[in-house]
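Here the structure comes first, spelled out in structure tokens, and everything after it is commentary.
The values are calculated or read from the model by the stated rules, or taken from the named source; none is laboratory data. Since this is a predicted model, take the numbers as computed values, not measurements. Using ideal geometry, Cβ is built from the backbone for each residue, glycine included, and neighbour counts are taken over all protein chains shown. Side chains included, ligands, DNA and RNA excluded: accessible areas come from the protein's heavy atoms. Shrake-Rupley method; radii C 1.70, N 1.55, O 1.52, S 1.80 Å.
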Amino acid sequence: AAVLLPSDPSIQTALGQWCYKVASISWIERNVAKALFGEPPESSYEEALAYVVKSHELRASKKAALYAGLCHAKLKAKSEAADWLERCLALESVGESDVELDAQAKDELAKVK
């Protein structure tokens, strides 16, 4: 989908979320998955960050900004994490899912400040 629709921010965000979740798999979970299913997928926080930043450039969104902040936090870039989390909070909240994103951003912001 990303190859066919490279300017679709939703696809970029989804890929960023997927990469973030794969990068977050613990050593134990990775070895259990390896034993059960073969080699699990691999990704990195840097790869996730590239997707969500591209998504945010295409169309600013709370989810992309939140994940950019989360990626920076995992990469120990606290200042950049705080900047992205504040961008998330600065965007208008529309609906319950945005309220949840704001709560997650506030929690993470407290950890990086």
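Residue-by-condition table, conditions (1) of a type in the set (Phe, Trp, Tyr); (2) in contact with an Asp or Glu (Cβ under 7 Å, 6 or more places away or on another chain); (3) in contact (Cβ under 8 Å) with a residue 12 or more places away in the chain:
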| residue | (1), (2), (3) |
| --- | --- |
| 25 | no, no, yes |
| 54 | no, no, yes |
| 57 | no, no, no |
| 62 | no, yes, yes |
| 72 | no, yes, yes |
| 92 | no, no, no |
| 108 | no, no, yes |
| 113 | no, no, yes |
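Search the range 54-74 for residues being hydroxyl-bearing (Ser, Thr, Tyr) and open to solvent by 10 Å² or more (accessible area, probe 1.4 Å), and hand back the single one that is nearest to residue 99 (Cα to Cα).
Applying the filter and picking the extreme gives 61.
Which numbered condition in (1) under 12 Å from the mean Cα position of the chain (by Cα); (2) open to solvent by 80 Å² or more (accessible area, probe 1.4 Å) is the only one that residue 105 fails?
Every condition holds for residue 105 apart from (2).
Step by step: first the residues of the range 42-99, then only those that are of a type in the set (A, V, I, L, M), at pLDDT 95 or above and part of a loop (DSSP other than H, G, I, E, B), then the one that is farthest from residue 2 (Cα to Cα). Which residue is that?
Among residues in the range 42-99 that are of a type in the set (A, V, I, L, M), at pLDDT 95 or above and part of a loop (DSSP other than H, G, I, E, B), the one farthest from residue 2 (Cα to Cα) is 77.
Do we have any residue at all in the range 1-20 that's assigned to a loop (DSSP other than H, G, I, E, B) and either open to solvent by less than 40 Å² (accessible area, probe 1.4 Å) or modelled with pLDDT of 95 or more (or both)?
Yes, there is a match, as at least one residue in the range 1-20 is assigned to a loop (DSSP other than H, G, I, E, B) and either open to solvent by less than 40 Å² (accessible area, probe 1.4 Å) or modelled with pLDDT of 95 or more (or both).
Could you tell me which residue of the range 31-41 is nearest to residue 107 (Cα to Cα), considering only residues that are assigned to a helix (DSSP H, G or I) and among the small types (Gly, Ala, Ser)?
Checking each candidate, the answer is 33.
Okay, residues lined up against (1) open to solvent by 60 Å² or more (accessible area, probe 1.4 Å); (2) among the acidic types (Asp, Glu); (3) closer than 27 Å to residue 8 by Cα:
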| position | (1), (2), (3) |
| --- | --- |
| 26 | no, no, no |
| 29 | yes, yes, no |
| 42 | yes, yes, yes |
| 83 | yes, yes, yes |
| 97 | yes, no, yes |
